[in-house]
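Okay, structure first, notes after.
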Amino acid sequence: TGAWNGIKAAALAVWRWLSGTLWPGIRSVVERLAAAFRGLPGRIASGFRTLATILTAPFRGAFNAIARAWNNTVGRLSFSIPGWVPGIGGNSFSAPRLPTFHQGGVVPGAPGTEMLAVLQAGERVTPVGGGGGVASIVVSGGSGSSVERMASDLVLHLIRSGALRLTVLNNRVVVA
């Protein structure tokens, strides 16, 4: 039984080393690899977005330069036909102005008329008189009951994962 106790003690020491040292190390490496693979699509997409931005920058810059040149020359031309000219009198004509890429500002035209827009990801469009404000929402487990802490943890998880999106509409926070 002395030999058996020695074998048992050695096996127990090996088990403790495996479960306490080796296995947590293996688990940590596997978790880091899994996290790296989960983040890979986002990093690849980000790389392609950056590449697209770099490749299109000269073209956007050239178009913006042409648009500015047009707007500062031909785009400033306008004239009015005197009212006494039959059929077309009283009308005004002007050369169109060319927009530049993503300068921001107010969409021209009569309020409420529909317009076509080209937007980039992350840009916001707010209706006339609409919110556009920024809201801060504080969700905290605090020292409340376990149900309150669990509910706040759930809300935080849903927001962080993107499953719950909030926005400001007419100065109120609503689910988007």
Where a residue in segment 80-94 is on the phi > 0 side of the Ramachandran plot and its partner, wherever it lies, is surrounded by 11 or more Cβ atoms within 10 Å (Cβ to Cβ), with Cβ under 7 Å and at least six apart: Gly90/Ile81
Looking only at segment 47-56, how many residues end up being of a type outside the set (A, V, I, L, M, F, W, C) and closer than 30 Å to Arg97 by Cβ? 3
Quick test for you: out of Leu77, Leu51, pick the one residue that is touching a strand residue (DSSP E or B) at 6+ places or on another chain (Cβ under 9 Å) and loosely packed, with under 11 Cβ neighbours inside 10 Å. Leu77
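Each row is one residue, and each column tells you yes or no for (1) touching a residue at least 24 places away in the same chain (Cβ under 8 Å); (2) among the hydroxyl-bearing types (Ser, Thr, Tyr); (3) closer than 30 Å to Thr100 by Cβ; (4) not in a helix (DSSP H, G or I).
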| residue | (1), (2), (3), (4) |
| --- | --- |
| Ile7 | no, no, no, no |
| Ala10 | no, no, no, no |
| Val14 | no, no, no, no |
| Pro24 | no, no, no, no |
| Ala36 | no, no, no, no |
| Ala45 | no, no, yes, no |
| Pro58 | no, no, yes, no |
| Ala62 | no, no, yes, no |
| Arg68 | yes, no, yes, no |
Residue that is closer than 30 Å to Ala45 by Cα and among the charged types (D, E, K, R), where the choices are Glu123, Glu114: Glu123
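Only the coordinates and a few stated rules stand behind these numbers; no lab work does. Values in this document were obtained by computation on a predicted structure and should not be read as measured data. Using ideal geometry, Cβ is built from the backbone for each residue, glycine included, and neighbour counts are taken over all protein chains shown.
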